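Input: a single structure, listed below in structure tokens.
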Amino acid sequence: MEARPRPSGVRRVTANKRPRPDASSNSARKLQRREIAAFPERTFAASTTRERFRNIQLQEEFDTYDPKENSSLLPYLRKRSEIIEIVGARDIFFALSQLGVCAAFSRVTNQRICFLNGSPDEVIRSLFYNKNNDSLITVSVYGSENFSALRCRTTRIEYIRRGKPDAGFPLFETESLRWPGFVEFDDVNGKVLTYSAQDSTYKVFDLKNYTLLYTISDKEVQEIKIRHLLHRNKKIDFIEQFNEKLLVKQDGENLQILDVTNSKITEVSSNDFVTPSAFIFLYEMQLFLTFRNRSVSVWNFRGELVTSFEDHLLWHPDCNTNSIYITSNQDLIISYCKAEPDDPSSEDNACSINISEILTGKCMAKIKAGNLSKQKSSKFQCTPLEALGHITALYYDEEREEIITGNQQGLIHVWSN
């Protein structure tokens, strides 16, 4: 069972599209304007980025583990568990554990507001903040259904702020979201896609009010043609769509980028483009990031390598995209990283949070052990160095300019200057 948008294997994670008052509808002109006029601005932006992340220290600590508060949950849900996802909604953030327990915290009071598990057997699999109506959508499975069917629920942030998580209501009740059914949220276009395996039907809903927009039945599809892109008897590594571009890669074959509007194909040698473990598409910049063997690369749709990062070796070899954050204007990537092998100032297994510029690949700032206070606050369970270790999820609050991390013990840490 998988609750998208966090599927396993090769997966696409779409960065948020930031609306701009002066944005041109022509993507090429956006890029051209940025390339021609951005050099002075980029110098200023680099300076402000360094200032923004200078002298960052551990400021707050929260705990998702509370055996008394969760005494009604199933026994295995009451154990400590690592954080796998952090989602922010203005002055509130949500932390989801691997076992499926979700807690809401306030940055105003610095207290836990509530847990979002509405019943003892609810296991929350995924979170989605719907900015269209300021609500949180949870995707869950239940023990009473043998954890086999996805159930979606939406709750207004205002109700959660008041400590009333049960004030929400269920979504897509008419859909049978049992395996291989799924639900996928498209934040960029404001849509939800569901697939009901029972009647082989795809449905598209509006994220603003959850009204049904389209229905597509598998039974109505007579034939699917993929032209001559595919080679027979060769494993398909991935097929990914980005607007009018289709990316196709087979085992041992070149990457093919098909423009579906004019059937033009661009090929990239398999020696230059090796199958990645994950993608992140940058809608504003018409670029995409690939992740493989701890490294990050930026590509354009002409098949050209745009950027290789100089100091951005990811900590997780299998690319845990929950510990990677792309800023809303898509100029910075913030990741949990491993020290470079040739860095003499780093100890073995040293870790850091790196802030790098996407267009240049330069590391603009870094939170690392050598820069942290050695003192442990009396109100924290961890020293700053311990908090920096074993990070499993990462989120950046752009309004408050705070980095929020979760670790293997289910603890949440807030970093800022």
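The values are calculated or read from the model by the stated rules, or taken from the named source; none is laboratory data. This is a predicted model, so every value here is computed, not measured. Neighbour counts are summed over all protein chains in view; Cβ atoms, including those assigned to glycine, are modelled from backbone coordinates with ideal geometry.
Is it fair to say ILE239 is more than 16 Å from ILE358 (Cβ to Cβ), among the β-branched types (Val, Ile, Thr) and surrounded by fewer than 18 Cβ atoms within 10 Å (Cβ to Cβ)?
yes
Considering segment 57-84 alone, what residues qualify as being in contact with a Ser or Thr (Cβ under 7 Å, 6 or more places away or on another chain), part of a strand (DSSP E or B) and buried (at least 22 other Cβ atoms within 10 Å of the Cβ)?
ILE83
In this structure, does ILE404 turn out to be buried (at least 18 other Cβ atoms within 10 Å of the Cβ), in contact with a Phe, Trp or Tyr (Cβ under 7 Å, 6 or more places away or on another chain) and over 19 Å from ALA103 (Cβ atoms)?
No.
Just one of (1) out of contact with any Ser or Thr (no Cβ under 7 Å at 6 or more places or on another chain); (2) surrounded by 13 or more Cβ atoms within 10 Å (Cβ to Cβ); (3) assigned to a loop (DSSP other than H, G, I, E, B); (4) not small (Gly, Ala, Ser) trips up LYS234, so point out which.
All conditions are met except number (2).
Please go through segment 252-273 and pick out each residue that is without any contact (Cβ under 8 Å) to a residue 24 or more places away in the chain and under 19 Å from THR307 (Cα atoms).
SER269, SER270, ASN271
Could you tell me which residue of segment 366-403 is nearest to SER81 (Cα to Cα), considering only residues that are among the charged types (D, E, K, R), assigned to a loop (DSSP other than H, G, I, E, B) and free of Cβ contacts under 8 Å to residues at least 24 places away in the same chain?
LYS376
Count, please, the residues in segment 164-177 that happen to be in contact with a helix residue (DSSP H, G or I) (Cβ under 9 Å, 6 or more places away or on another chain) and buried (at least 16 other Cβ atoms within 10 Å of the Cβ).
So the count comes out to 2.
Restricting to segment 270-328, what's the tally of residues that are farther than 25 Å from ASP259 by Cα, in a strand (DSSP E or B) and touching a Leu at 6+ places or on another chain (Cβ under 8 Å)?
4
In segment 140-166, what residues are at pLDDT below 95 and among the aliphatic types (A, V, I, L, M)?
VAL141, ALA149, LEU150
List the strands (runs of 3 or more DSSP E) inside segment 139-205, counting only whole elements, that have at least 3 residues being in contact with a Pro (Cβ under 7 Å, 6 or more places away or on another chain).
Answer list for segment 139-205: 151-156.
Of everything in segment 100-131, what is within 21 Å of ARG78 (Cβ to Cβ) and part of a loop (DSSP other than H, G, I, E, B)? Give them in sequence order.
GLY100, VAL101, LEU116, ASN117, GLY118, SER119, PRO120, ASP121 - these are the residues of segment 100-131 that are within 21 Å of ARG78 (Cβ to Cβ) and part of a loop (DSSP other than H, G, I, E, B).
Keeping to segment 125-142, report how many residues are out of contact with any Lys or Arg (no Cβ under 7 Å at 6 or more places or on another chain) and either touching a residue at least 60 places away in the same chain (Cβ under 8 Å) or surrounded by fewer than 17 Cβ atoms within 10 Å (Cβ to Cβ) (or both).
Of the residues in segment 125-142, 4 are out of contact with any Lys or Arg (no Cβ under 7 Å at 6 or more places or on another chain) and either touching a residue at least 60 places away in the same chain (Cβ under 8 Å) or surrounded by fewer than 17 Cβ atoms within 10 Å (Cβ to Cβ) (or both).
Give all pairs with beta carbons closer than 8 Å in which a residue from segment 190-217 that is farther than 15 Å from GLU173 by Cβ and at pLDDT below 95 meets a residue that is assigned to a loop (DSSP other than H, G, I, E, B) and of a type in the set (Phe, Trp, Tyr); count only pairs at least 6 apart in sequence or on separate chains.
Hits for this filter: ALA197/TRP179.
Quick check: is even one residue across segment 177-197 within 20 Å of THR64 (Cα to Cα) and touching a Lys or Arg at 6+ places or on another chain (Cβ under 7 Å)?
no
Can you name the residue in segment 357-398 that is among the acidic types (Asp, Glu) and within 30 Å of LEU305 (Cβ to Cβ) and is also surrounded by the most Cβ atoms within 10 Å (Cβ to Cβ) among such residues?
In this case the residue turns out to be GLU357.
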